[in-house]
Every structure is written in C-alpha cells, then in structure tokens.
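Please read the structure below before turning to the comments.
The values are calculated or read from the model by the stated rules, or taken from the named source; none is laboratory data. These numbers come from a predicted model, not from an experiment. Please note: Cβ atoms are built from the backbone with ideal geometry, for glycine as well, and neighbour counts cover all protein chains shown.
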Amino acid sequence: MAMGKHFYYAYFLIKRLLAQLLASIAAVFTRLGLKVLASGPVPAHIAIIMDGNRRFASRSRIDKRSGHVLGYERLIQTLDSCLKLGVKIVTVYAFSIENFQRSPAEVSDLMELLQDKLDHLVSKEQLVRSYDVQVRILGDLSLLPKGVRESAERAMLATNNNKSTVLNVCIAYTSTHEIVQAIQKIMDERTQDQPHDKFITKEEIDRNLYTGLCPPPDILLRTSGETRLSNYLLWQCSNSYMCFCNALWPEFSFWHLSWMILKYQRAYPFLPRQQRPSF
Amino acid sequence: MGSLWAAFCWRLIHACLDVVYFFSAIRLRLLALCWAFPFFVQGEEACIQQILGERKRLPKTVAIVLDSEEARHGKDKVVVLLWWLKKVGVCHVSLYDMEGLMKTSQHVLEDNYSLSTNKAERVHFYHHKGRSKELIETDDKGLSKTNMSNLFCVTDKTGEAPDKHIMLVELLSLEDGKEAIVRAARHLCTSAQKMRVESLSEADLNESMIESGVGGPDPDLLIIFGAASCLFEFPPWRIRLTEILYFGSLKNLTAPSFVSLLNDFSKKTHRYGK
C-alpha cells in the first residue's frame, strides 16, 4: 500500500518535472527562433483581427465566454512574442460596432469580460511593465457601458507615459465610422468663416484617425480562415501585407507567427514603401 | 557571434523556402503552358460550364488588383480573365493598378477583347473623370449617359442567361482611392457648411462619393495578382466586406485555377458582426 502511494507521488513529480523541462526547452527554442527571424526585415506595426474564439469554444465544447478568455490569453502570448521580436505597435480588433447586433446576453458578457481584462492587463500583466507598453483604446467610447469606458480611460491614463511600444485595442470600432469622425473633427476645428474643403487632405485625415501618429500597419493578420477586412483599418491597411491564417485565434501559436513573418520577409521587396512618421 | 549564427540560419531558412517556391513556380508555369494549347480550349469551356452547373454562390461584382509588373505585361491575360468573368455572370468588374496603366490602355483592352471574343457590345469599359456622376461614353451601342446604379446586375431584372448581360469594366488607379475620399469629403463639408449641418454620417459620405462621381459598387470578391498579397491602395471605402483572395502571377492563371478561386469564394459565409 505504502509502495503504491510512493509510486503514485513519484509518477506525478516526474510528470511535472518533464512538463517544466519541455516548457523551458520550448522557451529557449522560441527565443532562438525570434532571434533568427529578427535577422531580416521586422514589421514595425502588426494589425490583428482575432477571429475564431466562438468557433474554438463550440469545437472544444466549452462556453463562448471561456473561448474569449482563451483568446485573451493567446493575445498576451502573441503580444509577448511580437514585442520580443522587435515589433513596436500591435493593433487588435476586440469589438466592432456591428457586434452590438449580437444577443444582449452575449454583448453583456463580452462587455464584462472586456472591463475585467482591461483592468487585468494594466494592473497585473508583467509584459506591460517589461516592455513599457502604452495601451490605447480606439473606437467610439460613448457607445460603451460606463464600466468599460471607465476601465478604458484608466488603462490609457495608467500607461500614458509609456513610450517604447504601443498596444492599440479597437473597441466599438469600424473603419468607416473612424474616417467619418476624422472628417467631422477637421470640420469642427475650422470656424464658420473658413472654407472647410481646403483643409481636408489625405495627411489631415491620417492625423485625425484614431490611430493618429502611428505609422500604418506593415502586416494585417486575420485568423480562422476568413479573408475579409470586416471594416477594420481600411484606410491604414492600403499598403499592408495581407496574411490570412486558417488557425482559429486561440490556436494561433509561435509557429503560425513565425510562418507569417517569413512570408512577410519574402514579400518585403515587392511591398510599396510606406511613409513612416517617426515613432 | 550569436547574431552571425542567427543571420546564417535566417539565410538558410529563406534559401530552403526559395527552392520550394522555385519548384512550385515551375510546376504552375508548366500547367499554364499546357492549358494555353488550342487543344485545351474545350477543357476551359467545360470547367466554366461545370461551375455554372453546380449552382454555387458566385460573385456579381469583382475587383482585380494588379501590381505594376502584371499591369505592364499581363494585358492579354486580363482580357481572358474578363471573358471568363463574363461567362460566369459577373456584372461589374473594377480593374485597378496603382499607376493607371489599365486606364491609359483602355483602347488596347477594348480592341483585344473584341478581337478575341467577337462580343464587344456586351462589355463596356469606363473610368471616372472626377466630378461627373455620369458614365463616360466609350461606345455608342445604346449605353447612353445614365446613372451608375441603373446599370448594376442587368441579369437580375431581365432574367437573361448569365453571358447575355452587359458587363461593366471600371478602370481605376491611385487617384480613385484615398484622393477620391478626400474629394468627396470636401464636397460633403462644403454642402454641410452651406446647409448648416453639424453632424456627418457614413450615409452622407456615401452619397457625396456618388455625387462627386467617385462612387461604385462594393465588390463581392477582390483578386490580387502580383508578387505580394497587398491592396496597393485600392479604394478603401468599398472593401468593407469584400472577400480578398491572393492568386500570384497572372501568367499562371488557367481555367481550373480560376474555377478554384470561385470555389473558394462560394465556401465563404458572412456573419455581419453577429
């Protein structure tokens, strides 16, 4: 009996040690892999449409909320890899204005999760401190419930002085709404007597978009096999490398990221040179 | 020392990828050359008829984005592609390249199309000239100056067979992209200032784009031909929900690969945010 118990404990100890060893080896390989990738052109700005959380949840027979939680964890891991690689800005599509059409229960769940994760991101995530990440929430915040809006404002205030890297989170966002609000802003800044039309230029619209002074994305990634922009960064992604990945977002691994970077590096000589405001 | 090894590994990985893509390119080129033989013309017809027979969801409006190389050397293949698109029932094609080579070669495209297909009266090439909201007449076969919206998807109204309808080919370049949105925004703000309207909406900008003569249909499908999967500043306002498929070089386009693109398109589903 006692022998059986010792055997049982030894088995679990060995299993845990093996798992830790494998995780350390994986971490070493990830670091080496990122060092190799960084020998070539590295994108300064990556935009991601994190699609596939609900399909992953239904495939794994878990509830949708858990699917979104796994999506958040995947975001943190991917962000960590991107920042280690040398990417300066990551822009993610968390919630579209069109997503408000979902059932009220699902929208309410998502809002609660957004509020929770925004607070967690800024107060507890190590990588925000290690990489000096400025968190910016882009979108029409007036459409959000008070709790989420306040979390968003707290997140932006807490990381306002971080200048090394940027995480843009698009919430209550669509690109067409963003372009119209930019034109509205330019119109409002002029007085009644000044003719509006002379002040509207491509550069002025660029400056007044939510992404503001960020350089345009070098890569646009969409997971889950869909090949649409779904009203995301239409103006900014005009010259970006389009990468469509079949993996669902919670399955997006370091290998998928590496493959995306390798394809970008192969396409780099053929991509238009984008104008880069200094960052 | 570490970075030397990393650079070596990087070059090795890319060299391996170059070898793989090189053999893949040879295979695609050989396939394309085979399909170019007159012997295979019936096979092309059979492919197109098969996809029509399967009653899959096919696009009604298509956009084609060409990079500079493809726009310079691929006009013959573009004409073949337009013919295939017409066969499968597409009503409107937006043909785009950044430098406007398609626009300046409009007559070449028209002549090549009528030489190769003998059915020029069913395809109407046009491009925007800035402020006019009317079509530019390029032939006098009954398509007089009329509003854009009346000409979309004539098949739906008449119920004629897919290849009997008129297909519009819109030639676009860089000035029809962001610059067009800027022109529409200026027009919108001037009218808003005159009518003392304070708040603008997406519908207002849409309307203004049509008024300024830069509007057009949102493509169901956008195909990129070139060395990189990039939009090259294709008019951004129109591609909110467009399926974007990257093909590669126009030289490798064959009837089976074209049908394969349409098959990929037919499998896509839209959730519209829900």
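The set of residues in the range A:141-189 being within 14 Å of chain B (Cβ to nearest Cβ) and under 17 Å from A:Val92 (Cβ atoms) consists of A:Cys170, A:Ile171, A:Ala172, A:Tyr173, A:Thr174, A:Ser175, A:Glu178. B:Val214 meets each of the listed conditions (1) assigned to a helix (DSSP H, G or I); (2) buried (at least 23 other Cβ atoms within 10 Å of the Cβ) apart from (1). Scanning the range A:85-108 for residues that are crowded, with 16+ Cβ neighbours inside 10 Å and either more than 11 Å from chain B (Cβ to nearest Cβ) or part of a strand (DSSP E or B) (or both) yields A:Leu85, A:Val87, A:Lys88, A:Ile89, A:Val90, A:Thr91, A:Val92, A:Tyr93, A:Ala94, A:Phe95, A:Ser96. Taking the numbered list (1) of a type in the set (Gly, Ala, Ser); (2) facing chain A (nearest Cβ under 7 Å); (3) closer than 24 Å to A:Phe270 by Cα in turn, B:Gly248 passes all entries but (2).
Checking the stated criteria, B:Ile223 turns out to be among the aliphatic types (A, V, I, L, M), out of contact with any Asp or Glu (no Cβ under 9 Å at 6 or more places or on another chain), modelled with pLDDT of 50 or more and closer than 30 Å to A:Met260 by Cα.
Can you go through A:Ile14, A:Ile76, A:Ile46 and tell me which one is surrounded by fewer than 19 Cβ atoms within 10 Å (Cβ to Cβ) and touching an Asp or Glu at 6+ places or on another chain (Cβ under 8 Å)? After applying the criteria, what remains is A:Ile76.
Reported count of residues in the range A:9-45, each being part of a loop (DSSP other than H, G, I, E, B) and not hydroxyl-bearing (Ser, Thr, Tyr), is 6. Answer yes or no: is there a residue in the range A:109-128 that is of a type in the set (S, T, N, Q) and either assigned to a loop (DSSP other than H, G, I, E, B) or touching a residue at least 40 places away in the same chain (Cβ under 8 Å) (or both). No, the range A:109-128 contains no residue that is of a type in the set (S, T, N, Q) and either assigned to a loop (DSSP other than H, G, I, E, B) or touching a residue at least 40 places away in the same chain (Cβ under 8 Å) (or both).
All conditions but one from (1) on the phi < 0 side of the Ramachandran plot; (2) at pLDDT 80 or above; (3) away from chain A (no Cβ under 14 Å) apply to B:Glu175; the one that does not is (3). Taken over the range A:227-239, the criterion of being more than 24 Å from A:Gln265 (Cβ to Cβ) and touching a residue at least 60 places away in the same chain (Cβ under 8 Å) is satisfied by A:Ser230, A:Asn231, A:Trp235.
Kindly provide the set of residues from the range B:33-68 that are within 16 Å of the chain's Cα centre (by Cα) and either of a type in the set (A, V, I, L, M) or assigned to a helix (DSSP H, G or I) (or both), ordered by number. Hits for the range B:33-68 are B:Leu58, B:Val62, B:Ala63, B:Ile64, B:Val65, B:Leu66, B:Ser68.
Summed over the range A:41-54, the residues that are of a type in the set (Gly, Ala, Ser) and at pLDDT below 95 give a count of 1.
Of all residues in the range B:1-32, those satisfying the criterion of being within 14 Å of chain A (Cβ to nearest Cβ), of a type in the set (A, V, I, L, M) and either surrounded by 12 or more Cβ atoms within 10 Å (Cβ to Cβ) or assigned to a helix (DSSP H, G or I) (or both) are B:Leu4, B:Ala6, B:Ala7, B:Leu12, B:Ile13, B:Ala15, B:Leu17, B:Val19, B:Val20, B:Ala25. Look at (1) within 27 Å of B:Ile244 (Cβ to Cβ); (2) modelled with pLDDT of 55 or more and you find that B:Leu115 fails only one, number (1). Tell me whether the range A:117-133 contains one or more residues that are under 29 Å from A:Lys185 (Cβ atoms) and of a type in the set (Phe, Trp, Tyr). The answer is no; no qualifying residue exists.
Residues in the range B:213-229: is at least one of a type in the set (D, E, K, R), under 19 Å from B:Glu170 (Cα atoms), more than 7 Å from chain A (Cβ to nearest Cβ) and touching a helix residue (DSSP H, G or I) at 6+ places or on another chain (Cβ under 6 Å)? Checking the range B:213-229: at least one residue is of a type in the set (D, E, K, R), under 19 Å from B:Glu170 (Cα atoms), more than 7 Å from chain A (Cβ to nearest Cβ) and touching a helix residue (DSSP H, G or I) at 6+ places or on another chain (Cβ under 6 Å).
Of all residues in the range B:238-259, those being within 20 Å of B:Cys91 (Cα to Cα) and out of contact with any Gly (no Cβ under 9 Å at 6 or more places or on another chain) number 9.
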